1. Which condition does residue 134 not pass, out of (1) in a helix (DSSP H, G or I); (2) under 27 Å from residue 184 (Cβ atoms), if it passes all the others?
2. If you go through the range 378-408, how many residues are farther than 19 Å from residue 345 by Cα, in contact with a helix residue (DSSP H, G or I) (Cβ under 9 Å, 6 or more places away or on another chain) and outside any helix (DSSP H, G or I)?
3. Which pairs do you get when a residue that is in contact (Cβ under 8 Å) with a residue 40 or more places away in the chain, found in the range 238-252, comes within reach of a residue that is surrounded by fewer than 16 Cβ atoms within 10 Å (Cβ to Cβ), reach meaning Cβ atoms under 9 angstrom, with the pair 6+ apart or on two chains?
4. Going by what's in this entry, would residue 314 be described as free of Cβ contacts under 8 Å to residues at least 40 places away in the same chain and either under 28 Å from residue 232 (Cβ atoms) or assigned to a helix (DSSP H, G or I) (or both)?
5. Can you name every one of the helices (runs of 4 or more DSSP H) wholly within the range 208-299 that holds 2 or more residues which are within 21 Å of residue 310 (Cβ to Cβ)?
6. Suppose the filter is at pLDDT below 95, closer than 25 Å to residue 312 by Cα and either surrounded by fewer than 16 Cβ atoms within 10 Å (Cβ to Cβ) or touching a helix residue (DSSP H, G or I) at 6+ places or on another chain (Cβ under 9 Å) (or both); does residue 341 pass it?
7. So which of 290, 270 ends up being closer than 20 Å to residue 227 by Cα and either at pLDDT 95 or above or surrounded by 13 or more Cβ atoms within 10 Å (Cβ to Cβ) (or both)?
8. Could you go through the range 87-100 and let me know if any residue there is under 22 Å from residue 159 (Cα atoms), at pLDDT below 95 and either within 34 Å of the chain's Cα centre (by Cα) or assigned to a helix (DSSP H, G or I) (or both).
């Protein structure tokens, strides 16, 4: 039996082949011969049989599936990736939307390090699918892959950018395509184009943290490379809508606002920017540790000396951190900027006390006298001693009158 088994197998194949030659559409003979080759492990003949059958089949999808199967046989069992790639290409020629053939072909071309052939295949497939009205997202992924091959494997960013653009124009949510295009534009020095793609990418990016990071990069690009402070601030405002308390965004926004205020020609515009910067710095000061809070409060008061919230917080922090020396100059600035505000009189009193402690009687008098004119008995008592200290006896009776009027 061992001697005659091959002869019986050959006779079986010959008989079935003869039937198919006489009648190519003999489905029963095809199925039997196919099973026969599979049983004896004659994968070369099996692949040839399936390839020939696919070539005669009129249904594109059936033919493409058969060619894909033949390609897999050739690749897996015969170790012939070049012929397998040709079979997969024939499958895609019959049906460009055949995903399995496309995937297997991409794998072979990548493994064989043949990026030029891969790029050409992707371009052909994209064109063929576009003509059939394929789903835009499918087309977008093909264009993206083609762009990546041209960019990363063939070193042709000039070719890649066109495919990247086709990809995100077909599917605006395809973030890798937008990223690829903007990186090409950045490397080429076309920063305006890169900036527009940063914003597009941020809108498409599903991850909030990544979206904020992109908008911060956009802000830096606009501010430092395009001299577009308004555009940079707009990007940071968008970032704050995603992360309202982000300290990095707030810090960058305050920095750019102060930078714009410094360059402003219109005083009112400069004042508005300084106010916004101070508000951002004050917001940061409220949530950071005390030592950093002090620095942010002082920066806010440098921008707007009369910022009530920043001064109140600095007063509390100076007390908790035992740093009273921080306050007198801030009170001076506050009173110069907001002398008529509701908190002004209390700051006059505190500043006057600080001057008394420091032995600066004349400065203390300047602080207390506005309070005296408002009938403030505390200030009147302090002024009596100060007037006598500096030799202003003639002013003592006026202060005494206020003290006496306040008695029960």
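1. (1)
2. Qualifying residue count for the region: 2.
3. Cβ pairs passing all conditions: 245/287; 247/287; 247/288.
4. Yes: the conditions hold for residue 314.
5. Result: 229-242, 247-263, 267-285.
6. In short, yes.
7. Among 290, 270, only 270 is closer than 20 Å to residue 227 by Cα and either at pLDDT 95 or above or surrounded by 13 or more Cβ atoms within 10 Å (Cβ to Cβ) (or both).
8. Scanning the range 87-100 turns up no residue that is under 22 Å from residue 159 (Cα atoms), at pLDDT below 95 and either within 34 Å of the chain's Cα centre (by Cα) or assigned to a helix (DSSP H, G or I) (or both).
The values are calculated or read from the model by the stated rules, or taken from the named source; none is laboratory data. Here the structure is a predicted model, which means the values were calculated and not measured. Because the Cβ atoms are built from the backbone with ideal geometry, glycine has one as well, and the counts that use them run over all protein chains shown.
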